[in-house]
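The block underneath contains the structure these notes are about, expressed in structure tokens.
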2 protein chains.
Amino acid sequence: MNDAPTALPVAVPSTALFTDQYELTMVQAALRAGTAHRPSVFEVFTRRLPEGRRYGVVAGTGRVLDAVENFRFEPALLDWLRERKVVDEATVDWLAGYRFGGDIDGYPEGEVYFPGSPIMTVRGTFAECVVLETVILSILNHDSAVAAAASRMAVAAGDRPLIEMGARRTHELAAVAAARAAYVGGFSSTSDLAAGFRYGIPTVGTSAHAFTLLHDSERQAFTAQVESLGSGTTLLVDTYDVTEAVRTAVEVAGPGLGAVRIDSGDLLVVAHRVRRQLDELGATGTRIVVTSDLDEYAIASLAAAPVDAYGVGTRLVTGSGHPTCSMVYKLVARAGEDHGGGEGEGAPLVPVAKKSLGGKLSIGGRKWAARPVDAHGAAEAEVVGTGPVPPELADRQVPVELMRAGRAVARESLDAARDRHRRVREALPLSASQLSRGEPVLPTRYTGTA
Amino acid sequence: MNDAPTALPVAVPSTALFTDQYELTMVQAALRAGTAHRPSVFEVFTRRLPEGRRYGVVAGTGRVLDAVENFRFEPALLDWLRERKVVDEATVDWLAGYRFGGDIDGYPEGEVYFPGSPIMTVRGTFAECVVLETVILSILNHDSAVAAAASRMAVAAGDRPLIEMGARRTHELAAVAAARAAYVGGFSSTSDLAAGFRYGIPTVGTSAHAFTLLHDSERQAFTAQVESLGSGTTLLVDTYDVTEAVRTAVEVAGPGLGAVRIDSGDLLVVAHRVRRQLDELGATGTRIVVTSDLDEYAIASLAAAPVDAYGVGTRLVTGSGHPTCSMVYKLVARAGEDHGGGEGEGAPLVPVAKKSLGGKLSIGGRKWAARPVDAHGAAEAEVVGTGPVPPELADRQVPVELMRAGRAVARESLDAARDRHRRVREALPLSASQLSRGEPVLPTRYTGTA
């Protein structure tokens, strides 16, 4: 066991460590065989959406760009690989100089995707591309799962704001990425300070039941909170009796009380009762926040209730039943024998694909994707092809340039991704807003030589 | 948005950032009210196991000790809290000097738990304890979910080794913690280099379909791999035709070939066929590794198949249907009015509990837990109580001292936790090894003043 002192629960020198061992042993064998530098194309795609889901949401793209740019084998890591004999000396030497110098295209963050969509295309030598597999998939599979859940919750919530508060239900760093993905999917804020610090996402939070229980009475607790945080704060009213708590809350804070939070019970019934009580007390502007085990269905069922904001935890950060996506990273084309030396651009590549036992969708060759629209501007299909892009689809292509020669060329703010997602979702057929199980709202059509 | 350059996808100065905002606003209000320093007891427990599960597995304890010892508000973080006015100056000053100085007791890592088990007990002032809530729950809820899934898979696998290979299906750092938790639960190795580097878990891995597709023929690929990695390597035989691949594999590597890996198809049928073929080819010592969408049920169904090792990804790192636990961190006792100044030890604390709307289990007061055994040494019940421990249960207590005055006192190797889990699981009633849904194998009995 490694007993090195660490400032973080997991101390790693770079993103290159977030890698499955077989990526490196493949590099070793390919270096020796002289095939490591064959120009290659890898593609991220999924064969299916989670059961019953109508669209997927790409999230994590910005984190992938960070991860690829910072993918370096630091001395401590190289020493470890050498000592443990994970790979041979020649491979360690190659890894020491590693720096991704290839190109990446892909669906911009916030875009929707469907079965077969070429979500990301990574081009370079076999060796420089294959080692990125694990970290790229980790990021996209996790973040996209959370963003998809967030998007459904945002549809269900309509104009009411959604607060991400799931940090305690997932790994402490997954939580930060989850808050980020939730924001892309349509959430407004997060409870997670790390997500605020790192990504500038608005943070919120006032108090828990522990604060009420700490004090000798609920009135003492509310008074302490209002004196410190102001009457615009949110008071948690379900530690003891809700009706009594609401009365005390308005007495203590005045009718200008910012909000009350309800974290248990039958939210529909309690919200109506609390709204009536607040109005009777003159606190007509006091908002009601609900936060008890919500998911998109519970949110939808509260549409007619006098609720002003939803806080969502567990079900959001666990992808509302689908905590990961099934995105894969597959070699779809590579140079043949005569291009083993890495001639690069211009060389015709050989399309390749696993011949699957289960009849899985595996189409060789580099893909393009376009999304034609009907006369009303609504998306009609996800068209995926190999070979030249038909001229009529040229301006409907979905992938964009993300990285050129190892440098990110498409950095953007998280707000840009969030805005894109809303815009793209609104251009989908109306059935995209149905929470019930169904087929993908756009059919995937293969064309060209695929 | 924060545009600071970062060497990692998420750059954070300390574990103190993995915190929900309300922990800090509660500290602010309590500091002002003079209640922040009341001696307090917080308890981690769960009201229920995931539906149908028969026991829970505590994992992450070692990571909690790291996180608490490293919980510091660094200058960059303090500046950010100040600029964003998350809390007031007095609170920022208090946070600047923060260092947990209290005590933690809890179930040692690898122990099993049941509804109501006092999994962790954190004692200190209200303020110093409350801020730890989020990060403690993040770690325990995530790691214990993975360990529980791992434990069920280990039961199903019997003596056959299990390989953790789910990094690509979860957040890149959650993956490292998942590999660690899987090891505690009974896995033997991981594909994740970061888990090997950080925790010394044995790492494995040889090649993917991409390696075969890179080459001009399967034979060329196998030859390249064997020349570089030796004949003891594992060859992946399902890129094209399995029978042909197995023949080629043994021709290339000789009958001393280490293993073949099958990643698709009907594993039961294919494993039998491949075993027969290998034996006919004289490769009687060549092992068969299977790795296609396995979970504990699929593993159990392969018990009679000639399989030598299982690789598990998605279903392991997502907790096999239960990606998180429902552990909570609740204030269960605190000093009253006359102890506001933090007199500490010896002062009688007031038991506190939320009066829940839903009839949820909430019992105030600091708990002990003991697990009496029958004449055959099998555990009989999870006895949880408040007040003095009955003498006959004194030597059957489950919690141990984990931290004293802010210093970890129970550091141990991961192997110690892994051994403990196996030992404890084997002391449970036999029904613990049933994968079907059922009640917890031990009833929780409340006693004492609870």
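The values are calculated or read from the model by the stated rules, or taken from the named source; none is laboratory data. Computed from a predicted structure; not experimentally measured. Using ideal geometry, Cβ is built from the backbone for each residue, glycine included, and neighbour counts are taken over all protein chains shown. Surface accessibility is based on the protein's heavy atoms, side chains included, excluding ligands, DNA and RNA. Shrake-Rupley method; radii C 1.70, N 1.55, O 1.52, S 1.80 Å.
Structure notes:
- Rounded accessible area of A:Lys330 (nearest 10 Å², 1.4 Å probe): 60
- For the residues B:Asp20, B:Asp395, B:Asp159, a 1.4 Å probe over the protein chains yields an accessible-area ranking, largest first, of B:Asp159, B:Asp395, B:Asp20.
- Shielding value for B:198-205 is 5, the average number of Cβ atoms from other chains within 10 Å of each residue's Cβ.
- Packing rank of B:256-267, A:80-91, B:143-154, where each peptide gets the mean count of other beta carbons within 10 Å, highest leading: B:143-154, B:256-267, A:80-91
- Among B:Val398, B:Val92, B:Val269, residue whose mean-square fluctuation peaks in a GNM of chain B (springs only between Cα atoms under 10 Å): B:Val269
- Plainly put, the tip 7 Å out from Cα toward Cβ on A:Asp93 is 6.1 nm from that tip on each other copy, the closest given first.
- Counting every alpha-carbon pair across the protein assembly as shown, the share separated by more than 54 Å comes to 14%.
- Choice from A:Glu426, A:Glu337, A:Glu69 showing the highest fluctuation, given a GNM over chain A with Cα pairs closer than 10 Å: A:Glu337
- Both radii are taken from the alpha-carbon atoms of the stretch A:348-430; with Rh as the Kirkwood radius, Rg/Rh is 1.03.
- Highest mobility in the GNM of chain B, judged by mean-square fluctuation with C-alpha springs under 10 Å and restricted to B:Tyr329, B:Tyr199, B:Tyr107, is found for B:Tyr199.
- The lysine pair tally for the protein assembly as shown, using Cα distances under 17 Å and a gap of 8 or more places or different chains, is 10.
- Copy-to-copy label distances for A:Gly321, where each label lies 7 Å from Cα along Cα-to-Cβ, are 1.4 nm in order of increasing length.
- Accessible area (Å², 1.4 Å probe, nearest 10) - A:Arg275: 40
- Rounded accessible area of B:Ile136 (nearest 10 Å², 1.4 Å probe): 0
- Peptide A:160-168 is shielded by partner chain Cβ atoms: per residue, an average of 4 of them sit within 10 Å of its Cβ.
- 1.4 Å probe accessible area per residue over the stretch B:161-319, in Å²: 28
- Principal-axis analysis of the Cα atoms of chain A puts helix A:172-185 at an angle of about 90° to the longest axis.
- Estimated translational D of the stretch B:161-319 in µm²/s (Stokes, Kirkwood radius over Cα pairs; 4 °C; 1.567 mPa s): 81
- Across identical copies of the chain, B:Arg437 has label-point separations of 1.5 nm, listed in ascending order, with the point defined 7 angstrom from Cα along Cα→Cβ.
- Taking only the Cα atoms of chain B, the ratio Rg/Rh comes out at 1.05, with Rh defined as the Kirkwood radius.
- Summarising the amide proton neighbourhood of A:Arg404: residues at separation of 5 or more, or on other chains, whose placed amide H is nearer than 5 Å comprise A:Ile104, A:Val409.
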